[in-house]
Amino acid sequence: MRTLSRITVDPEVMRGIRMTVGTIVGLVASGHSREEILRRYPYLEADDITEALAYAAWRSNEFEVAISSK
């Protein structure tokens, strides 16, 4: 994993203009375009979204999740 320059890990800091990776990933997963996210949250930059997705993808490799074959 490359060095992340836009994401900080500090459970004590989640205020002001900070947004969780989970929130960004959730917005993308629910169908919001990058442009819409950037309009709704003008303090974000396109690179923030890219890095949040990269971080989430990297983290997802750490856990196996059973998926139903229904």
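Read-outs throughout are calculated quantities, based only on the coordinates presented, and are distinct from any laboratory measurement. These numbers come from a predicted model, not from an experiment. Every residue, glycine among them, receives a Cβ derived from its backbone with ideal geometry; neighbour counts consider all protein chains shown.
Below are the figures for this structure:
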read-out: Charge tally in the Cβ shell below 10 Å around L27, where Lys, Arg are +1 and Asp, Glu are -1, L27 excluded; value: +1
read-out: Linear extension gain, A57 paired with R39, 0.36 nm per residue minus alpha-carbon span; value: 4.1 nm
read-out: Under the Karplus curve 6.51 cos²θ - 1.76 cosθ + 1.60, θ = phi - 60°, whole-Hz ³J(HN,Hα) for the range 39-47, x wherever Gly or Pro sits; value: 5, 5, 10, x, 7, 7, 10, 3, 5
